[in-house]
Amino acid sequence: MSRALQAAEKALFASVSLQSLFVHRDLVYDRDMRGDERKQTAMFSYVTLAQRIPADHPARGHGLLSEEHFTVDGTLIQAWAAARSFKEKADPPAPGAGSGHKGEVLLRDKVESKTDKDARLYKEATADKSVPAYQGHALTENRNGLVVAEEASQASTAAERNMALKLLDRAVGHKKKRQGKNITLGADTQYQEEGFVQGLGNRKVAPHVSEYVKGNLGKNCLTGKEQNDPRRSISQRKRRLIDRVFGWGKLNGALRHVKARGLDRVDWLFRLTMAAYNLVRMRRLIPIDALAS
């Protein structure tokens, strides 16, 4: 590696350290996640995009961020537990009191792992095998695919949609404080659900959600105006950028099969991996001359 490139990389990691991705305080107290108050590092804290990334941050100075157009997606994170560790619960919920639709008792209501109580048996497709897993959720901006909000959760069918709205609120803030910005959100067909699309409408966010073209056509719920939005095709093309995030985290990071137990630890590891991805990604986006100077 040339000395100029080494100097450029050193300058980038000095100016865009992990501390610059944190809120400028040591700890935050969070009541938003899972309803309990707990200490945690302030990485990607629960403030808006404008508050979290300072105006003099290299990501802003070099025009790397879009503050109007975003993409959301989730990925399966295999837990550090074996399927045989799942045993029947001593006190499963009664019929009609489960966590499924209209109180349906699901598998996760009846069994739990003895080695990782937060892990759940989950599969992404009907033909797949259920594995102990968590889910990681990320919100990226569409200009360069940088992660602006993320969180890990317990695995469930509705988790992706619920977390998407939460991450969006965290990144862009309330609709009354956006100063005329026209927010769009791209997503795949897993987010093609009436409640989710309605949630975006309530937040004045354009739903650039992929539609079913065969099978499950009844789930498509976008209006004609939303379908014909000229920006929608751009959002669908940009949606591929978020796949690079998860691919990098599983190939180069520790997200394919985490060596941590408990949702808090998996969530911390997921956030750290997303911060590392941003650093590696910005190294390629910021001109070397600008970094070395």
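In this structure the amide hydrogen of Val148, modeled in the peptide plane, comes within under 5 Å of the amide hydrogens of Leu139, Thr140, Glu141, none closer than 5 places in sequence on its chain.
3J(HN,Hα) along the range 78-88: 5, 7, 8, 7, 9, 4, 6, 7, 7, 10, 5 Hz, from the Karplus curve 6.51 cos²θ - 1.76 cosθ + 1.60 with θ = phi - 60°, whole Hz, x for Gly and Pro.
On a full-extension model of 0.36 nm per residue, what is the gain between Ala254 and Ala82, subtracting their alpha-carbon distance, rounded to one decimal in nm? Mind showing how you got there, number by number?
Values: separation 172, 0.36 × 172 = 61.92 nm, distance 1.75 nm.
Contour length minus Cα-Cα distance gives 60.2 nm.
Look at where the Cα atoms of the range 130-204 and of the range 66-87 average out, and the two centres are 14 Å apart.
Working note: Karplus 6.51/-1.76/1.60 with θ = phi - 60° gives the range 169-186 the couplings 4, 5, 7, 9, x, 5, 4, 6, 10, 8, 6, x, 6, 9, 7, 10, 9, x Hz, where Gly and Pro are set to x. 3J(HN,Hα) couplings calculated from phi for the range 238-249 with the Karplus curve 6.51 cos²θ - 1.76 cosθ + 1.60 (θ = phi - 60°) are, in sequence order, 6, 4, 5, 4, 6, 5, 5, 4, 5, x, 5, x Hz; Gly and Pro show x. The shape of the range 115-172 can be summarised by an equivalent ellipsoid whose semi-axes, obtained from the alpha carbon gyration tensor, come to 25, 13, 10 Å from longest to shortest. As a calculated quantity, the FRET efficiency between Asn216 and Lys89 at R0 = 22 Å, using C-beta atoms, amounts to about 0.10.
Near the amide H of Ser66, within less than 5 Å, lie the amide hydrogens of Asn142, Arg143, Asn144, all on another chain or at least 5 residues away, with H placed in the peptide plane. Summarising the label geometry, the points placed 7 Å from Cα in the beta-carbon direction at Arg283 and Ala125 lie 3.3 nm from one another. Could you tell me the ratio Rg/Rh of the range 151-280? Both radii from Cα atoms, Rh via Kirkwood. For the range 151-280, the value is 0.99.
All of the numbers you see were taken from the coordinates with simple rules; none came from a lab. Please read these numbers as outputs of a predicted model, since none were measured by experiment. Cβ sites come from the backbone with ideal geometry, for glycine too, and all protein chains shown count toward neighbours.
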